[in-house]
Structures are given as structure tokens and as C-alpha cells.
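Novice: Below is one structure. I have some questions about it.
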Amino acid sequence: AVSSTHKNSETDGDTATIYVNGVLMKSVPAWVNYEGIEATGYDTLNLELMMAADDPAVKRINLVFDTPGGQVAGQIDVAKAIAEINQTKPITAYISDMCCSGGYWLASQCGEIFAKPNSAIGSIGVYCTYYDMSKMAEDAGIKVLVISSGELKGMGVPGAPISEKQIADMQKYVDALGANFVDAVSVGRNK
């Protein structure tokens, strides 16, 4: 069998193996690699999936996961690609130690999932964090004013207060992303 190796993937015979390791990001900036932080870019992952899908010698694809999850941006495109490719070439998820959050969203779109007995799997949900530092700014004698084109624009500017309306709007956004996550996992696992 002829083998070839790419950055996060390898092909051996009729099987392509793609590694999904570390934090998931839309694209991995150079400084992340420089700092030694393990990460997988959705852009790179999508390219590797397309290459395997288009390679007539590849009959099956293995995705090997060891990830805590990561960013939402870019994730849904890869999940859709996995589901689509799995219709013509079987894709199997192998969870080495961890497949959580966005990683599980991806794995759930594979035809089969295999894991070690003590693997961490799941954490279905979405969150986002903002820090209301307005009290700290006020205590320092600083008043932060946000001049914006809309009442909800500018949430999270350091030192500016975060309104209940801004929080409620962000909660709707997080709830919608969470519902998409649950729907995708339900469709992916009810094969």
C-alpha cells in the first residue's frame, strides 16, 4: 500500500485518517502553533475531508478525535461536509481520549463512533462570556461611553455596563446555536 502524509491526515491504502486534535478554530493563527497550543482549523479539516472525498483510491475515512471543542465559527460547514461525504464514503469517528462540545457535533455526523471506555464524550451546548467591568471602571473614576448605531451594538466593551436587554439578546443567540447543536446531533445519531 502507498502512504502519503499531510499536516493532519494520512492515507494508507484505501483509508484516509484525519486527526482532529486540540482546540477547534475557524483557522489556526501562526501564534497558536508557535506557542505550542494544539489546535485544528475547520478550514484545514474541511480541505482534508474534500481531498479524501475526491480521491478515488480512498474508500473510507477515519476521523480520530482528541478535542475539548472550540469555536462555533466555521464548525457547521465541516459538520455538513462530514454528513454529506458519509453518504458516499463511510466516515468513522474514533475517540482517543476526548471528544467534547464542537468535536462531538462533528463526530455525531459520522456513520459510526468508537471510543475508549474512559473517553470524555459529549458536553452538548453553547456558551459565550462577557465581562461587565463597569463597576471597576467606575471605582477607578472612569466612565466608559459607547456610542453605537444600535442599542445592542458594543456589548462587552471593557468598562461599559452590559444592559439586561443586551444579555437577553445574546441569550437568544446562544439558545439558537444550542438548538442547532441538539438538532444536528439528533439527526446525525438517528441514522
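Novice: For a quick check, take a GNM of the chain with Cα springs below 10 Å and name the residue from Tyr19, Tyr94, Tyr173 with the largest mean-square fluctuation.
Specialist: Maximum among the listed residues: Tyr173.
Novice: Solvent-accessible area per residue for the chain at a 1.4 Å probe radius, Å²?
Specialist: Accessible area per residue: 58 Å².
Novice: Moving to a separate point now. Mean residue ellipticity at 222 nm from the helices of the chain, using -39,500 (n - 2.57) per DSSP H segment of n ≥ 4 over the full residue count, to the nearest 500 deg cm²/dmol?
Specialist: So the helix-based figure for the chain works out to -10500 deg cm²/dmol.
Novice: In a Gaussian network model over the chain where Cα atoms closer than 10 Å are linked, find which of Val58, Val144, Val126 has the largest mean-square fluctuation.
Specialist: Fluctuation is largest for Val144.
Novice: Take the residue pairs Lys135/Lys165; Lys26/Lys116; Lys59/Lys80 and return only those whose Cα atoms are more than 22 Å apart.
Specialist: The pairs that break the limit, which is 22 Å between Cα atoms, are Lys26/Lys116.
Novice: Dividing the Cα radius of gyration by the Kirkwood radius, what Rg/Rh value follows for the chain?
Specialist: 1.09
Novice: Now a separate question. Sort Asp66, Asp12 by accessible area with a 1.4 Å probe, largest first.
Specialist: These residues rank, largest area first, as Asp12, Asp66.
The values are calculated or read from the model by the stated rules, or taken from the named source; none is laboratory data. Note that the coordinates shown come from a computational prediction; the quantities given were computed from them, not determined experimentally. Surface areas here come from the heavy atoms of the whole protein model, side chains and all, with no ligands, DNA or RNA. Shrake-Rupley method; radii C 1.70, N 1.55, O 1.52, S 1.80 Å.
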